[in-house]
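The values are calculated or read from the model by the stated rules, or taken from the named source; none is laboratory data. Keep in mind it's a predicted model, so treat the numbers as computed, not measured. All Cβ positions, even for glycine, are placed from backbone atoms using ideal geometry, and neighbour counts span all protein chains on display. Accessible surface areas use protein heavy atoms only, side chains included; no ligands, DNA or RNA. Shrake-Rupley method; radii C 1.70, N 1.55, O 1.52, S 1.80 Å.
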Amino acid sequence: MRKYILLSSLLALCFATQAFCATYYVSPKGNDKNNGLSPKTPWASIDRVNKAKEIQPGDRILWKRGGLWRGVVMPHSGEPGNPVYYGAYGNEKKSKPTFYGSAEASQERDWVEVSPNIWATRETKPEILGDVDGNFLEGWGKHQENGADVKMSVTKEDGCRKLTLDCKNGGKARNHIQLWGPVVDTEKFPESMILTLKVRANRELQLPGPAVSYNRSPWSRKVSVGEFEVSEEWKTVELVLRTNDTQLPEEGNTNFVWHWSIGGIPADTQLEVIFESLKEAKIDRSLFLPVDVGNIIFDHGNFKKYHRCGMKKWTMDDLKAPGDYYYDAKSCRVFLYWDENPAKTCESIELAIRSTVINQGGCHDVVYENLAVAYGAAHGFGGGSTKRIAIRDCELYYIGGGHQFTRPDGKPVRFGNAIEFWNSAEDCLVEGCRIWEVYDAALTNQGNGGEKNDSIQRNITYRNNYITNSEYSFEYWNRNGLTENILFENNVCIDAGVCWSHSQRPDVNGGHLMFYNNSAPTKNFVVRNNKFLNSTEVCLRMENDWLDALTMENNEYAQWKGMNVIRWLGKNYFTVETFGEWQKVSGKEQGSTCSTSAE
């Protein structure tokens, strides 16, 4: 234990003693042509910061308090003892610099009535500008795992690349079958493109489109795309692609390649795909919705007449009550049931897009402080393979809800965590943050390593955070790797499961400590001096026994009358009255208390 405390202290000291070099300022009223080196000459946009080649280890990027930015932040990495710092400047009485992962649809002109009580976001028809080299004719290969079994043949038809896949077993998840295509020169990619495919299958399918990703961990995407339908007849599909600001890792032989995850398709499926063309397109980006809208937030969650958030549905026929909405991947539009133009009823309508607002995959040596992150339908802070990340005194709210994949049984899966360390993460710190209204977990380190990339989670500290109204306060599991030196300390966690998304989930539960099945060797995992107050299911849920690695002590539990406090190994429950039995069975929770909450 002393060793771990020392590691945490050294980590904090490392971040506290960084030697700053240059300071860059960003304001919504700035100009990207400025030098950014003073509050009088600030930059204006996320895009300018993401692409800034001037930023070096030790530099500070300060965002003006009271300012609002939309889009995905792709942080710059520092070096050990000399991190890049993302923080705030200006009047401290104003709100934190705020980053939204949403498109705004608050004006009446943003909505069109397409049938009685059904309103759609206005169309954003692309203007085709010219050809883009997609390099489709180079080599293609496949990867399969978890019992998936597919044969792929690659041929040329009328000068285009054709893939034919005969799937004996599709696996259970998208990543169980992955198609890896040729290297592409993304430096020549425009902001928006149209990918045209000809497709058919021996049955009807709903598939995600091909993306462009790193060819190794952390597998970050350079080009994102939505979904499309396949039928037994040949059909032409036009997919809108959006290029983001993901940069190549600093070390290693890495390229961007075409990548297509299609696992989970039914057994005995034959799929044929012809890559016809890739075109540059000009698109009105204000309501550009190329990927799933995982949530709609009305009046910043304060709307009273119907629901404060949209009720996500999966077909147009399911739109039956005010607030019901459907995201149509083909038209890149949202359809919303409302009794008049929704912008007449609401002052603010935010369409949360399935994006990670602070996408730090592969980043290291970064400090974030005094920032606010909201309305992203994937994660607030997320990404794999991170080292020496500190997130301090930040606010995160209305996070998650995006469509992740559809199970073979047809049930869609949604996701989204406020702060997630995915797969490998080392020497990371989250402290003093305030987090609320999250689809899944407020805080989590989780991973599922593969044959070539183990999930190593080491030296991660969560302390002095205030978490309320999230489905889970803290979620942990790891597979195919190693976990050691995790500290969850002095956090206040209130009302797990009492959140915007709870009633929409296919797996309604709620829990402060959600310990899913964990098969990774784990040691020195400490949970102490926390408050876990009220949950719609339990305060602690543990799916398999790794208690030998776990220290739990001096925690305070409180639960509503008649509700369970502990769920152990899936079927064993302990209440306020039997909490003492849990202490005996587990050998944990020395100095902890458990009581019934006041109504």
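Couplings 3J(HN,Hα) of the stretch 487-503, computed from phi: 10, 10, 9, 6, 9, 10, 10, 10, 6, 5, x, 8, 9, 4, 9, 3, 6 Hz, in residue order, whole Hz [Karplus 6.51 cos²θ - 1.76 cosθ + 1.60, θ = phi - 60°; x for Gly and Pro]. Dipole size of the stretch 330-415 about its Cα centre, with +1 on Lys/Arg Cβ and -1 on Asp/Glu Cβ: approximately 500 debye, rounded to the nearest 20.
With an a/c value of 1.5 or above and a/b not larger than b/c for the gyration tensor axes a ≥ b ≥ c computed over the alpha-carbon atoms, the stretch 273-334 is described as oblate. With Cα atoms defining each centre, the stretch 365-441 and the stretch 464-530 are spaced 12 Å apart in the structure. Annotation: amide H of residue 281 within the under-5 Å range of 129, 192, 193, 194, sequence separation 5 or more or interchain, hydrogens built in the peptide plane. Computed from backbone phi, the HN-Hα couplings of the stretch 156-169 come to 10, 9, 6, x, 10, 7, 10, 10, 10, 10, 10, 9, 7, 9 Hz, rounded to whole numbers (Karplus: 6.51 cos²θ - 1.76 cosθ + 1.60, θ = phi - 60°; Gly and Pro given as x).
Going by accessible surface with a 1.4 Å probe and the largest first, 320, 588, 29 read 29, 320, 588. What the Cα convex hull of the stretch 88-221 gives, in volume per residue, is 268 Å³. Since only 415, 359, 348 are under comparison, the one whose Cα sits farthest along the positive direction of the charge dipole of the stretch 300-415, derived from C-beta charges on Lys, Arg, Asp and Glu, is 415.
A Förster radius of 41 Å combined with the Cβ-Cβ distance from residue 317 to residue 597 puts the calculated FRET efficiency at roughly 0.50. Would you work out if the chain is rounded, prolate or oblate? Take a ≥ b ≥ c from the square roots of the eigenvalues of the alpha-carbon gyration tensor; rounded if a/c is under 1.5, else prolate when a/b is larger than b/c, oblate otherwise. It is rounded, given that a/c, with a ≥ b ≥ c, falls under 1.5. Given their separation in residues at 0.36 nm each and the Cα-Cα distance between them, residue 37 and residue 200 gain 53.2 nm when the chain is fully extended. Dipole magnitude for the chain: about 760 debye, using +1 per Lys or Arg Cβ and -1 per Asp or Glu Cβ, origin at the Cα centre.
Scalar couplings 3J(HN,Hα) for the stretch 428-438, obtained by applying the Karplus form with A = 6.51, B = -1.76, C = 1.60 to θ = phi - 60°, are 10, 9, 10, 8, x, 8, 10, 9, 8, 6, 10 Hz; x denotes Gly and Pro. Bridgeable lysines around residue 588 (alpha carbons under 25 Å apart, same-chain partners fewer than 8 residues away excluded): 3, 523, 531, 561, 571.
Ranked by the mean number of other Cβ atoms within 10 Å of their residues, highest first, the peptides 124-132, 271-279 come out as 271-279, 124-132. Ligands, DNA and RNA aside, residue 369 has an accessible area near 40 Å² when probed at 1.4 Å. Taking packing as the residue-averaged number of other Cβ atoms within 10 angstrom, the listed peptides 342-349, 531-538 run from highest to lowest as 531-538, 342-349.
Protection proxy ranking, highest mean first, for peptides 104-117, 47-60: 47-60, 104-117, where packing is the per-residue count of other beta-carbon atoms within 10 Å, averaged. Distance between the pseudo-spin-label points of residue 270 and residue 549 (7 Å out from Cα toward the beta carbon): 4.6 nm.
Restricting the calculation to alpha carbons of the stretch 363-448 gives Rg and Dmax of 13.4, 43 angstrom.
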